[in-house]
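The values are calculated or read from the model by the stated rules, or taken from the named source; none is laboratory data. Predicted model only: the values in this text are computed from it and were never measured. Note that each Cβ is placed from the backbone with ideal geometry, even for glycine, and that neighbours are counted across all protein chains shown.
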């Protein structure tokens, strides 16, 4: 078993940031950050977003643990909803996002 940790510090602005998404490699190995943000932006709450992200990763055939935790912040629901836009998936790989 490999043991490693990734530590990332970011300043969060509760009133202007919408969410924090934490995913395991089973998710971000098959979905890129843009796809994850699109899914979250199309959902009405964090639970729905987490379920949809895991479902999409499994649909793409992820062979690893698929876990997602979405932490909503004060700007949740204030961003443009992607619900009226089609969700476009590329099967790309992107491990970090500067949203």
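Brief remarks on what is shown
- Leading residue by the ranking (farthest from the chain's Cα centre (by Cα)) among those in region 11-28 that are under 20 Å from residue 67 (Cβ atoms) and either surrounded by fewer than 17 Cβ atoms within 10 Å (Cβ to Cβ) or free of Cβ contacts under 8 Å to residues at least 12 places away in the same chain (or both): 25
- Per-region count, region 65-90, residues closer than 14 Å to residue 49 by Cβ, modelled with pLDDT under 75 and in a loop (DSSP other than H, G, I, E, B): 4
- With respect to being free of Cβ contacts under 8 Å to residues at least 24 places away in the same chain and within 12 Å of residue 21 (Cβ to Cβ), residue 50 fits the description.
- Residue within region 40-63 that is more than 24 Å from residue 13 (Cα to Cα), at pLDDT below 90, surrounded by fewer than 16 Cβ atoms within 10 Å (Cβ to Cβ) and touching a helix residue (DSSP H, G or I) at 6+ places or on another chain (Cβ under 9 Å) present: yes
- Restricted to region 13-63, the set of helices (runs of 4 or more DSSP H) holding at least 3 residues that are within 27 Å of residue 2 (Cα to Cα) comprises 25-28, 46-59.
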